[in-house]
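Below is one structure, written out as structure tokens, with a few remarks after it.
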Amino acid sequence: MTSQDEEILNPFADEIEAKGTVLADRLSTVDSVRIGLFSNTKKNADYFLREVGAQLEADYDVDVSEVVYKDVATSAADEDIYEELLGYDAVLIAYGDCGSCSSWTMHDSFQLEEAGVPTVVFCTEEFTTLCQYEAENQGVPGLPIVEIEHPIADLSPEAVASDRVTDDILTSVTEALTTDPEVLVDLYQGKYTGAASSELV
Amino acid sequence: MSYPVYRGSMVTASSPDGLPVVNPTRERVERFLDTAGVTSKDQLGPFPLSERSATMETLAANAVMAGCKSSYFGVVLSALEATLEAEFNLYGTLATTEPHWPMVIVNGPVVEELDINSGTNAFGQGSKPNATIGRALTFVYMNVAGATPGLTDKATHGGPHKFGLCIAENEFESPWEPLHVERGFDANENTVTVLTTEAPHNISDHIANTAAGVLTTAVQSMSVLGANTTYLSERAEPCLVLSPEHAATIARDGWSKDDVKRFIYDYARISHKELRDQGMYDTQDGSRPHHVPVSGLPDNADVPICRSPEDPVVLVAGGTGRHSLFLSSFGDSRSVTRLIQ
């Protein structure tokens, strides 16, 4: 046998565990609902969420919460935070703007979706690929990840509101909260990871 | 994003880290598993970020690629298992913009059996087990866990330790009980300890000749703005690797390892005023870690870099010379020690 004929074993794992995570049912409307704002404690996440909430309240008959914080961005929220957030009809989560905070923001979203609360995850453009990769591996390729411009941490609160909370983002939020999960798969599956796949050899 | 696809037509496996690899041919991998005595059909995992598990054959393929001898495989497997413990936070570690990555510390008779370097240049080049055990972990994190630099491994800079970092404790030159004994294992048991760390920072002290003197230099090197342990202190494990010479100076004054850890807790501190609005502590809004030591403190309070005197990880490694090392842990992660099976 020549070296050309030798079988080389695959060093990659070839099966994904069935995680069973599912998207929660979405809302029929954003009117007359209570929306929770959930910060992972990243800089300016609360200012971003407050502005999104204020604009939703201006456009719809929604009741938006004060910002709820978890203890630290680099791990999961405590159970009592999840319990509090389960009291809302939907939760907006901000945001992924670094690696570990993106991962754990996705984890928080998976927990809430599993428990039946529809979520929207905000993520800066540098981290959407990571977030969607994890959503796909968790079996929820339709999980709505709304992209915001990077960077955002060193902006003033005023600039966060004026430059980062755009009409397109608000449209994406209401769409993500009211569109059937099957349709969200069409909208989000591969949205960010598809472009990145060509970079993998 | 499609998962990396093995190209069956290739005659050379692609290199995860950019350096040449040993081709994981079926013959090599089967011989590796055979001589390692691994017959298990169990899978290990699932690994974040991919949520995939790996067979022993797949893990062996990665170890072969990394250049491991089959005798190293038990250390590799135990270290991988340890990093899958929830408190280790591999999920955050693999994706983070921080430079942190799992480091392997080996204790017990296996250190001598495998000739793992615990002495001169233990953190550097020149030792096959040190180089290839750490490298095997990195390959599994890349090939199985899906940590792809730039796409899913988002490290801003990374670091040389991400090629793989494995050391042994220099138990023979330590004046104290080794790390695994401190953690409840028998001295004759073999263990791996995994710790998320950034690259080590040198602590040079050629002058101090007392325990307090050597450790004063050490704590000044450890209490710095910008280190994760400074801000994520709730779960931080600041790691001090003392050289045998520094350890001997400290022990000569009658200090135990607990005394060393207590000194770190008491004196590796930064004032509350200096901490605020730096690093990861923002007073302008609610965006800050709510770690316990900072809550409600006056300006002049000195804040420790870990929650309790038990939290510093202290070990002895290295060779001749009056140098020690500070390794700042990821912060939101706890080290794990496991028996090597």
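The values are calculated or read from the model by the stated rules, or taken from the named source; none is laboratory data. Remember, it's a predicted structure, so these values are computed and weren't measured experimentally. Virtual Cβ from ideal backbone geometry, glycine too; neighbours counted across all protein chains shown. The accessibility values were calculated without ligands, DNA or RNA, using every heavy atom of the protein model including side chains. Shrake-Rupley method; radii C 1.70, N 1.55, O 1.52, S 1.80 Å.
Tell me, please, whether a residue that is more than 7 Å from chain A (Cβ to nearest Cβ), buried (at least 16 other Cβ atoms within 10 Å of the Cβ) and in a helix (DSSP H, G or I) can be found in the stretch B:5-26.
No - not one qualifying residue is present in the stretch B:5-26.
Under 6 Å between Cβ atoms, which residue pairs at least 6 apart in sequence (or on different chains) link something in the stretch A:66-80 that is facing another protein chain (nearest Cβ under 7 Å) with a partner that is not in a loop (DSSP other than H, G, I, E, B)?
Listed by first residue and then by second, the contacts come to A:Val67/A:Leu37; A:Val67/A:Ser39; A:Val67/A:Asp46; A:Val67/A:Leu49; A:Tyr69/A:Ser39; A:Thr74/A:Ser100; A:Thr74/B:Gly92; A:Ser75/A:Trp104.
Restricting to strands (runs of 3 or more DSSP E) lying wholly in the stretch A:40-125: which have 1 or more residues that are more than 19 Å from A:Val165 (Cα to Cα), open to solvent by 10 Å² or more (accessible area, probe 1.4 Å) and aromatic (Phe, Trp, Tyr)?
The strands (runs of 3 or more DSSP E) meeting that bar are A:63-69.
Quick check on B:Asp258: is it of a type in the set (Asp, Glu), under 30 Å from B:Asn188 (Cα atoms) and part of a loop (DSSP other than H, G, I, E, B)?
no
Might you check whether a residue that is farther than 30 Å from B:Gly158 by Cβ and at pLDDT 95 or above occurs anywhere in the stretch B:216-239?
yes
Among the numbered conditions (1) within 14 Å of chain A (Cβ to nearest Cβ); (2) surrounded by fewer than 19 Cβ atoms within 10 Å (Cβ to Cβ), tell me where B:Gly124 comes up short.
Evaluating B:Gly124 over (1) within 14 Å of chain A (Cβ to nearest Cβ); (2) surrounded by fewer than 19 Cβ atoms within 10 Å (Cβ to Cβ) leaves (1) as the failure.
Does the stretch B:94-102 include one or more residues that are modelled with pLDDT of 95 or more, part of a strand (DSSP E or B), in contact with a Phe, Trp or Tyr (Cβ under 9 Å, 6 or more places away or on another chain) and not charged (D, E, K, R)?
yes
Given the criterion modelled with pLDDT of 95 or more, under 22 Å from B:Ala61 (Cα atoms) and touching a strand residue (DSSP E or B) at 6+ places or on another chain (Cβ under 8 Å), identify the matching residue among B:Thr197, B:Thr138, B:Thr193.
B:Thr138
Out of the stretch A:151-167, which residues are surrounded by 13 or more Cβ atoms within 10 Å (Cβ to Cβ) and not in a loop (DSSP other than H, G, I, E, B)?
Passing the criteria: A:Pro157, A:Ala159, A:Val160, A:Ala161, A:Asp163, A:Arg164.
Sort out which residues of the stretch B:49-58 are over 22 Å from B:Asn23 (Cβ atoms) and either more than 7 Å from every other protein chain (Cβ to nearest Cβ) or open to solvent by less than 20 Å² (accessible area, probe 1.4 Å) (or both), and write them in order of number.
Hits for the stretch B:49-58 are B:Leu49, B:Ser50, B:Glu51, B:Ser53.
What's the total number of residues in the stretch B:218-248 that are of a type in the set (Val, Ile, Thr) and either within 10 Å of B:Pro175 (Cα to Cα) or in contact with a strand residue (DSSP E or B) (Cβ under 7 Å, 6 or more places away or on another chain) (or both)?
3
Six or more apart or on different chains, Cβ under 6 Å: which pairs go from a residue in the stretch B:295-312 that's closer than 14 Å to B:Tyr231 by Cα to one that's of a type in the set (Lys, Arg) and not in a loop (DSSP other than H, G, I, E, B)? Could you list them?
Between residues of the stretch B:295-312 that are closer than 14 Å to B:Tyr231 by Cα and residues that are of a type in the set (Lys, Arg) and not in a loop (DSSP other than H, G, I, E, B), the close pairs are B:Asp302/B:Arg269; B:Val303/B:Arg269; B:Pro304/B:Arg269.
Do we have any residue at all in the stretch B:79-89 that's in a helix (DSSP H, G or I), more than 7 Å from chain A (Cβ to nearest Cβ), touching a Gly at 6+ places or on another chain (Cβ under 9 Å) and open to solvent by 10 Å² or more (accessible area, probe 1.4 Å)?
Checked against the condition, which is being in a helix (DSSP H, G or I), more than 7 Å from chain A (Cβ to nearest Cβ), touching a Gly at 6+ places or on another chain (Cβ under 9 Å) and open to solvent by 10 Å² or more (accessible area, probe 1.4 Å), the stretch B:79-89 yields no hits at all.
Quick test for you: out of A:Val173, A:Val146, pick the one residue that is open to solvent by less than 20 Å² (accessible area, probe 1.4 Å), part of a strand (DSSP E or B) and more than 11 Å from chain B (Cβ to nearest Cβ).
When all the criteria are applied, what remains is A:Val146.
Of everything in the stretch B:127-150, what is polar (S, T, N, Q) and either in a loop (DSSP other than H, G, I, E, B) or buried (at least 24 other Cβ atoms within 10 Å of the Cβ) (or both)? Give them in sequence order.
Of everything in the stretch B:127-150, those that are polar (S, T, N, Q) and either in a loop (DSSP other than H, G, I, E, B) or buried (at least 24 other Cβ atoms within 10 Å of the Cβ) (or both) turn out to be B:Ser127, B:Asn130, B:Asn143, B:Thr148.
Of the residues A:Val121, A:Val165, A:Val160, which single one is modelled with pLDDT of 95 or more, in contact with a strand residue (DSSP E or B) (Cβ under 6 Å, 6 or more places away or on another chain) and within 24 Å of A:Ala73 (Cβ to Cβ)?
Unique residue meeting the criteria: A:Val121.
Could you list, in sequence order, all residues of the stretch B:220-248 that are over 15 Å from B:Leu327 (Cβ atoms), away from chain A (no Cβ under 14 Å) and open to solvent by 10 Å² or more (accessible area, probe 1.4 Å)?
Answer for the stretch B:220-248, where residues must be over 15 Å from B:Leu327 (Cβ atoms), away from chain A (no Cβ under 14 Å) and open to solvent by 10 Å² or more (accessible area, probe 1.4 Å): B:Gln220, B:Leu225, B:Pro244, B:Glu245, B:Ala248.
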